[in-house]
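The values are calculated or read from the model by the stated rules, or taken from the named source; none is laboratory data. These figures come from a predicted structure and were not determined experimentally. FYI the Cβ positions are ideal-geometry reconstructions off the backbone, even for glycines, and counts take in every protein chain you see.
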Amino acid sequence: MKILSSETFVQYKQSKQNRKGLSDNQVIQAKAEVFLSAYFFNLKNRKNMDISIDTDVKVNPFIKKDIDLQICQENIKLNIEVKTPEQDLKEKGKFYGGLPHRYSDIKRAEQNPDLRNISDMLKTQSGIEPQILKTNDNKVKDYIVGANEKFYKRNKESLNILAIMCTSEQMGNVLLYLINPHSGLITTNTYDSTIILSELDYIIVSNAIEGIVNKEEYTFYTDDLSNYVTLILSPHKDLTSESEVSQFLFSIMPNDNNKYCTFEKEYAAELRKGNIPDSIHYQFTWSGYLAKYHPEFALNKSKYVSP
């Protein structure tokens, strides 16, 4: 469906959100697709950007599945598949954490030194005995596999993009699953070397779902993607940001990459001074970044404190 006017956007929004029988998580998925479409629609209408917006587009001629969005400018195309992790049901008054990465050998939880270090740090930060949740990186792997299947051959005039939209808490986990240097899915040490990334150019991760599930907690305009934290990652070292199509992507999408990478290096040095093992640094980088630069999203709403 081409979004050509306010009327067609409303039709698209209604077709997504007014379907009967949707579960709570399916409603959030639909709202995420509409949210991202609205962001591009506002760029087109309010900032007079010369782009076209199409939804539910089939780009792989060999399968019947559609991608969620296609943004075009002249001969350049951004093919976007949107995914939203399911919202976890957690008990109030409990503090949750998880292992920072996968391990080559399986250890019982109580024998894992990283787990003990994480548990102690989380208890010190929150004053609450934490509950350590299992690693759920297979779900993110499923997103990658599914998106890669829907896309078609990478080329110089288009980008194939998986957009994972999360809450702030979920985004920390997604980043762990993708880029932690010990087992991250798009690193050289990936825990699954069989995963296929051949058709995928970028993975965009954003905490914009905060504005859908926790809208009442914020005073800023929650319907604007630029008010959230967005990171643009690539599994391919040969992909250059200097290409015309990559420059187009970075010109229309908010991108916290440089700021986050700089903080990551500085924070790692601080953690080492505090005798925090390198193997668990990634467990705390995201929460530290939010506390320092985006306290409105801070996981425990506390101010940034150097370790």
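Out of curiosity, is Ile118 touching a Leu at 6+ places or on another chain (Cβ under 9 Å), at pLDDT 95 or above and not in a loop (DSSP other than H, G, I, E, B)? Spelling it out, it is not the case that Ile118 is touching a Leu at 6+ places or on another chain (Cβ under 9 Å), at pLDDT 95 or above and not in a loop (DSSP other than H, G, I, E, B).
Residues that are among the polar types (S, T, N, Q) and farther than 30 Å from Gln73 by Cα within segment 252-303 comprise Thr262, Asn275, Ser279, Gln283, Thr285, Ser287, Asn300, Ser302, listed in sequence order. Residues in segment 241-282 that are in contact (Cβ under 8 Å) with a residue 60 or more places away in the chain, of a type outside the set (Gly, Ala, Ser) and either more than 30 Å from Leu159 (Cα to Cα) or in contact with a Gly (Cβ under 6 Å, 6 or more places away or on another chain) (or both): Ile276, Pro277, Ile280, His281.
Criterion first (farther than 17 Å from Leu299 by Cβ and touching a Pro at 6+ places or on another chain (Cβ under 7 Å)) does Asn155 satisfy it? Criteria not met by Asn155.
The requirement of being part of a helix (DSSP H, G or I), crowded, with 16+ Cβ neighbours inside 10 Å and polar (S, T, N, Q) is fulfilled somewhere in segment 223-234, by at least one residue. For the residues Thr230, Thr222, Thr190, the requirement of being over 15 Å from His294 (Cβ atoms) and without any contact (Cβ under 8 Å) to a residue 40 or more places away in the chain singles out Thr190. Filtered by the rule that a residue be surrounded by 13 or more Cβ atoms within 10 Å (Cβ to Cβ) and touching a residue at least 40 places away in the same chain (Cβ under 8 Å), segment 13-41 gives Ile28, Gln29, Lys31, Ala32, Glu33, Phe35, Leu36, Ala38, Tyr39, Phe40. For segment 17-64, the set of residues classified as under 22 Å from Ala147 (Cα atoms), among the hydrophobic types (A, V, I, L, M, F, W, C) and touching a strand residue (DSSP E or B) at 6+ places or on another chain (Cβ under 8 Å) consists of Ala32, Phe35, Leu36, Phe40, Ile53, Val57, Val59, listed by residue number. Consider segment 73-91 and keep the residues that are among the charged types (D, E, K, R) and at pLDDT below 95. The one that is surrounded by the fewest Cβ atoms within 10 Å (Cβ to Cβ) is Glu91.
Within segment 257-292, the residues that satisfy the criterion of being touching a Phe, Trp or Tyr at 6+ places or on another chain (Cβ under 9 Å), crowded, with 16+ Cβ neighbours inside 10 Å and under 22 Å from Gly211 (Cβ atoms) are Tyr260, Trp286, Tyr289, Leu290, Ala291, Lys292. Screening the candidates Asn25, Asn42 for the property of being assigned to a helix (DSSP H, G or I), under 15 Å from Ala208 (Cβ atoms) and polar (S, T, N, Q) yields one hit, Asn42. From the list Glu217, Glu210, the lone residue that is acidic (Asp, Glu), surrounded by 20 or more Cβ atoms within 10 Å (Cβ to Cβ) and under 23 Å from Ala30 (Cα atoms) is Glu210. Out of everything in segment 240-250 that is touching a strand residue (DSSP E or B) at 6+ places or on another chain (Cβ under 8 Å) and either farther than 17 Å from Glu199 by Cα or not small (Gly, Ala, Ser) (or both), what residue ends up being surrounded by the most Cβ atoms within 10 Å (Cβ to Cβ)? That would be Leu249.
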